[in-house]
């Protein structure tokens, strides 16, 4: 067997413990590197074989997905899954383990929404400035009346949680 190759022995077994089908999996490395795979150059810890009881359905998932994850073997896939899960449960911030595509997509959505809201607020501010200039040009209101009106408007907007319509202003002015 070539250097860095992984033998994976699988034997289906019936578990008397709970009556479910499990697969008995033996994982070990046959390599002339003393158990160290070439891609483990930074990690001098060798791999060793051991028995692993796993449900047949889980093993089928491993067989189905290990190549899609660019793993050279099912053992590598299982080891990556173990490291991922350990990192996930020991992490304060689970977002470290969300797929990068999800986090980048969410960031993109938030940025787009932020830009859209900013443009809408700018347009609204321009329209509000036009309205204020028209009202200021047509009404003869003194500074004292303006300050009193500002205080009244702040109170009304607070009372309505920011939902204040033209009809509300019309009703207030007609009182």
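See the values below:
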quantity	calculated
Net lengthening on full extension, residue 112/residue 137 (0.36 nm per residue, minus Cα-Cα)	5.2 nm
Highest average packing first - 66-73, 154-161, Cβ atoms within 10 Å	66-73, 154-161
Whole-number Å³ per residue for the convex hull built on Cα positions in the range 124-175	100 Å³
P(r) histogram, all alpha-carbon pairs of the range 70-175 included - 5 Å bins from 0, percent	2, 9, 8, 13, 12, 8, 6, 6, 6, 6, 6, 6, 4, 4, 3, 2, 0
Gain upon complete extension [residue 86, residue 124; 0.36 nm per residue less C-alpha separation]	8.7 nm
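No value in this document is a laboratory result; all are computed from the given coordinates. Computed from a predicted structure; not experimentally measured. Cβ: placed from backbone, ideal geometry, glycine included. Neighbour counts: every protein chain shown.
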